[in-house]
Amino acid sequence: MFYAQGVRAVGVDAIIARAAVAKASFYKHFQSKDDLIVAYLMRRDELWRRWLEESVGRLAKSADKRPLAVFDALAERFATNDFRGCAFINSMAELADRSHAAHVAAAHHKQQLTAFLRKLLAEAGVAANPLAEQFMILIDGSIVTALRKGDSAPAKTAKQIAAMLLHEARERKFES
């Protein structure tokens, strides 16, 4: 419900009704809706990063191809019927207060994703800084653009830009 409708739009009563639990049961596990939002983001982070890692492994068998396979995985995701952007970007936009626990959880997801990119780039033999951050900007931008346009083309465009950045990083490595 949070992903489909937004974390602010979904009320506690709707959550309780959908889960078919008593209000007391809900509050036994979550002191507030904000606590549930944080739990949702933490679980989604775990599932999303696992999905990405498995997708990249499936799409690219060799380490040198895995950094760009991230964008192929995104293209697949953007083409699904239930794609509604990034749950983490959406949550950060709705909860603009950077000190809000859910904003912190969403930002943590982005930090973990950047760390995954650093790992992929290092395994591909490329200096990961600042390339991992540049890839993150391409990823976030492609997600927002895919949501706006309603197709997977932004992932392909981001992959082309990432390929140029990766080529440049490899060229610099050989020049030094």
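The values are calculated or read from the model by the stated rules, or taken from the named source; none is laboratory data. Please read these numbers as outputs of a predicted model, since none were measured by experiment. Glycine gets a Cβ as well: all are built from the backbone with ideal geometry, and neighbour counts include every protein chain shown. Heads up: the accessible areas ignore ligands, DNA and RNA and are worked out on the full protein's heavy atoms, side chains in. Shrake-Rupley method; radii C 1.70, N 1.55, O 1.52, S 1.80 Å.
Within the stretch 1-13, the residues that satisfy the criterion of being open to solvent by 50 Å² or more (accessible area, probe 1.4 Å) and under 19 Å from Arg84 (Cα atoms) are Met1, Ala4, Gln5, Arg8, Ala9. Tell me, please, whether a residue that is surrounded by 15 or more Cβ atoms within 10 Å (Cβ to Cβ) and in contact (Cβ under 8 Å) with a residue 40 or more places away in the chain can be found in the stretch 14-26. Within the stretch 14-26 (the criterion being surrounded by 15 or more Cβ atoms within 10 Å (Cβ to Cβ) and in contact (Cβ under 8 Å) with a residue 40 or more places away in the chain), the answer is no, since none of the residues qualifies. When restricted to residues that are part of a loop (DSSP other than H, G, I, E, B) and exposed (fewer than 15 other Cβ atoms within 10 Å of the Cβ), the stretch 99-156 contains 6.
Ser91 satisfies every condition listed in (1) open to solvent by 20 Å² or more (accessible area, probe 1.4 Å); (2) under 16 Å from the mean Cα position of the chain (by Cα); (3) more than 18 Å from Leu59 (Cβ to Cβ) except (1). The helices (runs of 4 or more DSSP H) located wholly in the stretch 1-65 that include 1 or more residues which are β-branched (Val, Ile, Thr) and closer than 21 Å to Leu95 by Cβ occupy 12-19, 33-59.
Taking the criterion of being open to solvent by less than 60 Å² (accessible area, probe 1.4 Å) and closer than 17 Å to Met1 by Cβ, the residues of the stretch 66-88 that qualify are Phe83, Gly85, Cys86, Ala87, Phe88.
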